[in-house]
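Worksheet: one structure, shown below.
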Amino acid sequence: MEQRSDRERKNREKSKIRGAQSISFEESPYVVSSGSVAGSKEARGPLGKFIDMTNQDDLFGAKTWEEAESNMQKEACVLALGKAHIRPEEVRFLFGGDLLRQGVATSMGVESLQIPLFGLYGACSTSGEALALSAMSVAAGYGDYMLAVTSSHFGSAEKEFRFPLGYANQRPLCAHWTVTGSGAFLVGTEKTHVRISGVTVGKIVDYGLKDSQNMGACMAPAAMDTIIRNLKDFERSAGDYDRIITGDLGYVGQEILFDLMQEKGYDIRVQHMDCGMVIFDQKTQDTHAGGSGCGCAAVTLSSYILPKIRKGEWKRVLFVPTGALLSTVSFNEGASIPGIAHAIVLEHVN
C-alpha cells in the first residue's frame, strides 16, 4: 500500500495534477490573440468601444438569428487568426460551442475554416470549457495552436429557451439579457504577455432551482463550488488574484454568490467582477439582472479582461464562466436547473 501511494504521488507530480479538480502546466500555453464581435446593444454598452467588430444590424447580413450567430463566430475566428497572422490550416483543433440545439451556430459558422472540430456544450460556461481543453491540448503537445470559440444571440436564445421575440412577453426583473456576441481565442506555444497557468474543471451543482428566468440563482452555487475548489487546489486565498471574474451571474446571482461564499468562510467581494454586470449599463439599457449567454463572458474576456492582463494592470486573474444546464425539454418536464462553472487561471508575463 505504501509503495502504491508513493507511485501515485510521483505520477501526480509529473502530470501537475492539483488537488481534486485542477491542473497546472509545467510549460504554460499562451493566449496568442483573440477576436470579439457583438451586436448593436452591446456596442452602446460600457465595453462597446473595446469590441473589435460591432454591427447595428443584429442579423449580420443574414436572414435568420441562427445564421447571424454563425456569421459572428466565423468573424471572431477570422479576427483572432488575422491578428496572429496564423492560417486556419496551422491550427490543430478547434473547440467551439453555443446555446443552440446540436450546436448548429458553431458547426455552420466555422465550417469554411476547415479546422478539425470538437463541438462543446457547457451553456454559458462554454468559453471556459473551450479554453481549458485548448490549453490542455497545447500543453500536452498535441499541436502548436488551438482555437477556442463560442457565441450567443439574443434572438436565437429567446426563441430556443423562452419565447419568439414577436410575442413581446414581459420579463421579470431577475431575468438576464442574452448577449449578442462571439469571442474567439487562439491558444498556443507562442509566447505573449498572457499565459494560462492552470485550470479548474467544474462539477455539476444542483440546488433544485427550477426558475429559468433566474439564471443567476441557478448558476451561483456552481460558481461558488469551483472558486473554492480552485483556491484549495492551488493553496491560494482570494487575495492572490487581482480579480475573480464570473461569467454571467448578474446582480441577483452576485449577491447569492457572496452569501454562499461567506457561509463557507470566504469573502471575495473586493476581487469579484461579473461579465454580465459590466457589458451593459443597467441604468440606461434595461437589461434587468444583467447580461448572459456564451457570448457574454467571451466578449468581455477578449475586449476588456485580456488587454488589462497584457498591460500588467492585473497580474493574475481567475476567469470563471458559469452555465445553467437546462433545455426546453428538461424545463417543460419540471426538472431542476443544474449549474456548472470552469475556472481558467490567467497570468501576466513580462
>> Just to check I understand the Karplus step: with θ = phi - 60° and J = 6.51 cos²θ - 1.76 cosθ + 1.60, what whole-Hz values come out for region 75-81, glycine and proline as x?
In response: 5, 5, 5, 4, 5, 4, 5
> List the aspartates and glutamates whose alpha-carbon lies under 17 Å from that of Lys83, not counting same-chain residues fewer than 8 positions away?
Replying inline: Asp52, Glu75, Asp144, Glu190
> Under 17 Å from the Cα of Lys159, which lysines turn up, not counting those fewer than eight places away in the same chain?
Replying inline: Lys63
> Which order results if Lys283, Lys203 are arranged by neighbouring Cβ count within 10 Å, fewest first?
Replying inline: Lys283, Lys203
>> Straight-line reach only, C-alpha to C-alpha below 15 angstrom: list the aspartates and glutamates that Lys210 could link to, leaving out same-chain residues fewer than 8 apart.
In response: Glu333
> In sequence order, what are the phi-derived ³J(HN,Hα) couplings for region 47-61 according to the Karplus relation 6.51 cos²θ - 1.76 cosθ + 1.60 with θ = phi - 60°, rounded to whole Hz, with x for glycine and proline?
Replying inline: 9, x, 6, 9, 6, 4, 9, 10, 9, 6, 9, 5, 7, 6, x
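How would you classify region 54-136 from its alpha-carbon gyration tensor, with a ≥ b ≥ c the square roots of the eigenvalues: rounded for a/c under 1.5, else prolate if a/b is greater than b/c, otherwise oblate?
Numbers: a/c = 1.78, a/b = 1.21, b/c = 1.47.
Taking the square roots of the gyration eigenvalues as a ≥ b ≥ c, region 54-136 is oblate.
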>> Using amide H atoms built in the peptide plane, which far-off residues or other-chain residues are under 5 Å from Ser125 H to H?
In response: Gly323, Ala324
> When Glu263, Glu129 are ordered from fewest to most other Cβ atoms inside 10 Å of their Cβ, what list results?
Replying inline: Glu263, Glu129
> Residue by residue, what Karplus-based ³J(HN,Hα) values in Hz, rounded to whole numbers, does region 231-243 have, using 6.51, -1.76 and 1.60 with θ = phi - 60° and x for Gly and Pro?
Replying inline: 4, 6, 5, 9, 6, 10, 10, 4, x, 6, 10, 5, 9
>> Amide H of Ser33 versus every other amide H placed in the peptide plane: which residues, excluding those fewer than 5 positions away on the same chain, fall under 5 Å?
In response: Leu186
> How much mean residue ellipticity at 222 nm does the chain get from its helices, if each DSSP H run of length 4 or more adds -39500 (n - 2.57) and you divide by all residues, to the nearest 500 deg cm²/dmol?
Replying inline: -10500 deg cm²/dmol
> How far is it, in nm, from the label point at Ser40 to the one at Asp281 when both lie 7 Å from their Cα along the line to the Cβ?
Replying inline: 1.7
> Tell me, how many Å apart are the Cα centres for region 217-271 and for region 275-317?
Replying inline: 16
> Quick one: if you stick a label point 7 Å off each Cα along the C-beta vector at Arg101 and Asp240, how many nm between them?
Replying inline: 4.5
>> Place a point 7 Å from Cα of Ala20 in the direction of its Cβ. Which residues in region 199-221 have their backbone N less than 11 Å from it?
In response: 203
> Could you give the dipole magnitude of the chain about its Cα centre, charging the beta-carbon of Lys and Arg +1 and that of Asp and Glu -1, in debye to the nearest 20?
Replying inline: 680
>> Using a 10 Å cut-off around each Cβ, can you sort His342, His272, His85, His193 from fewest to most neighbouring Cβ atoms?
In response: His85, His193, His272, His342
> So, in nm, how far is label Glu333 from label Glu255 when the simple model puts each one 7 Å beyond its Cα toward the Cβ?
Replying inline: 3.4
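Suppose R0 equals 22 Å; then what is the FRET efficiency for Lys315 and Asp267 from their Cβ-Cβ distance, rounded to the nearest 0.05?
With a Förster radius of 22 Å, E is 0.60.
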>> With an 8 Å Cα cut-off and a minimum separation of 6 or more residues, compute the relative contact order for the chain in percent.
In response: 24
> Counting Lys and Arg as +1 and Asp and Glu as -1, each charge on the Cβ, what is the dipole of region 194-348 about the Cα centre in debye, to the nearest 20?
Replying inline: 580
> Once amide H atoms are placed 1.01 Å from N in the peptide plane, what residues at a sequence separation of 5 or more from Ser292, or on another chain, have their amide H within under 5 Å of its amide H?
Replying inline: Trp177, Thr178, Val179
> How much net charge surrounds Phe280 when only the other residues with a Cβ under 13 Å from the Cβ of Phe280 are counted, with Lys and Arg +1 and Asp and Glu -1?
Replying inline: -2
>> Checking the table Lys16/Lys232; Lys203/Lys315; Lys232/Lys264 against a 18 Å threshold on Cα-Cα, which pairs fail?
In response: Lys203/Lys315
>> Would you work out the Kirkwood radius for the chain? I mean one over the mean of 1/r across all pairs of different Cα atoms, in Å.
In response: 19.9
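Values quoted throughout were computed directly from the atomic coordinates according to the rules given, and no laboratory measurement underlies them. Model, not experiment: these values are computed from the prediction. In this analysis, Cβ positions are derived from the backbone assuming ideal geometry, glycine residues included, and neighbour counts consider all displayed protein chains.
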